[in-house]
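The next block holds one structure in the form of structure tokens; read it before the comments.
Values quoted throughout were computed directly from the atomic coordinates according to the rules given, and no laboratory measurement underlies them. Because the structure is a prediction, the values reported are computed rather than measured. Here the Cβ is made from the backbone with ideal geometry for all residues, glycine too, and neighbour counts use every protein chain on show.
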């Protein structure tokens, strides 16, 4: 505004007189302008806090910005960043974790059919599997998951107190019942003894799947599934103290089936959840055929 730009050069009374504006009117206008911006900042801050706490304090700037945009609200990303910084709103810090892979000395691994190319043109093309562990006051529990890399959706999972081949077979069975896929799926995992066991390989054969094993000691060969475990531990497990194995199982069910698959926004999916991504592509496919 002209008055603001020239206040240092000319007396306020003189500038106001030339523009036929009263000094009191100018000050009132300034006050209203500041008040309006303060109200806007408060409204945006409430949106930021809503999505932050809804995500259990796991969303940082990119996902909060995407979540607000999904509501049809246009706001500058830098403004969100500034408000988050001023109000000390930060995503939970990621921590390192150990991997549970124990390679069998007897079974020979299968060929690596994926070679770190974690992309698929459709669902039920490539599935990946991995195992991690959780501590409860009753002792350790082990979680095996099956992920469809097309949408990063967890399509099967199993929890048990025993780290056995049966654990990964049950996770695979859940995935098959959930997806009802055709034959020819590539199932990729590390060389852990559970995945190279005869029981698991027989299950793959029964379902018409091709096995793929990562190379020894290369964490990038199963990066998408390990990334899920990293997210799971950062957003949930590190912040919980499970009293029992059953409590841990209920917590994992809620995280996978309600939060991760249906609500959590993925940058690699255009800030959609796995379920939203699949539904969007399904609708687009139907529209093309129609």
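Before anything else, pin down the relative contact order of segment 186-235: Cα pairs under 8 Å, at least 6 apart, normalised by residue count, whole percent.
Reported relative contact order: 41 percent.
Sorted from fewest to most neighbouring beta carbons within 10 Å, what does the list 221, 206 look like?
Working: 221 22, 206 10.
Final ranking by Cβ density, sparse to dense: 206, 221.
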Next item on the list: Could you please rank 121, 215, placing first whichever residue has the fewest other Cβ atoms within 10 Å of its Cβ?
Entry: 121, 215
Notebook entry, point to check: Relative contact order of segment 113-193: what whole-number percent is it, with Cα pairs under 8 angstrom and at least 6 residues apart?
Noted result: 31
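Rounded to two decimals, what ratio of Rg to Rh does segment 36-87 give with C-alpha atoms and a Kirkwood Rh? Numbers along the way, then the final one.
On the way: Rg = 10.1 Å, Rh = 10.9 Å.
Computed over Cα atoms, the ratio is 0.92.
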Next item on the list: Report, in cubic angstrom per residue, the convex hull volume of the C-alpha atoms of segment 126-289.
Entry: 118
Check: What ranking of 69, 152 emerges when the number of other C-beta atoms within 10 Å of each C-beta is taken as an exposure proxy, fewest first?
Finding: 69, 152
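At a threshold of 8 angstrom on Cα-Cα distance, excluding pairs fewer than six apart, so keeping six or more, what relative contact order does segment 126-289 reach in percent? Working shown, then result.
Details: 243 pairs, mean separation 35.4, N = 164.
That works out to 22 percent.
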Checklist line | Two-site FRET efficiency, residue 119 against residue 140, from Cβ-Cβ distance with R₀ of 25 Å, rounded to 0.05 | finding: 0.15
